Amino acid sequence: MNITERIKLHFGSVKHYARVRKINYQHLRNQISTNIFTKPTLQLLISDGILKESEL
């Protein structure tokens, strides 16, 4: 299951997740599409249970 599917499973949509977490939607989409995440985004994804540290 990819990141987009996991976010949709937990939050309904990537746009809603960005709004709830107060991060820029386009910035998040770019990180997902390139699969290169900034440290703050990675920390959010891990703390929300979308990613596990063992998957990094």
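Among the residues of segment 1-43, those that are assigned to a helix (DSSP H, G or I) and charged (D, E, K, R) comprise 5, 6, 8, 15, 19, 29, 39. From the list 5, 53, the lone residue that is at pLDDT 95 or above, at negative phi and open to solvent by 90 Å² or more (accessible area, probe 1.4 Å) is 5.
The numbered conditions (1) touching a residue at least 40 places away in the same chain (Cβ under 8 Å); (2) open to solvent by less than 80 Å² (accessible area, probe 1.4 Å) are all true for residue 28 except (1). Residue check: residue 18 meets all listed conditions (1) free of Cβ contacts under 8 Å to residues at least 24 places away in the same chain; (2) loosely packed, with under 14 Cβ neighbours inside 10 Å but one, namely (2).
The values are calculated or read from the model by the stated rules, or taken from the named source; none is laboratory data. These numbers come from a predicted model, not from an experiment. Virtual Cβ from ideal backbone geometry, glycine too; neighbours counted across all protein chains shown. Side chains included, ligands, DNA and RNA excluded: accessible areas come from the protein's heavy atoms. Shrake-Rupley method; radii C 1.70, N 1.55, O 1.52, S 1.80 Å.
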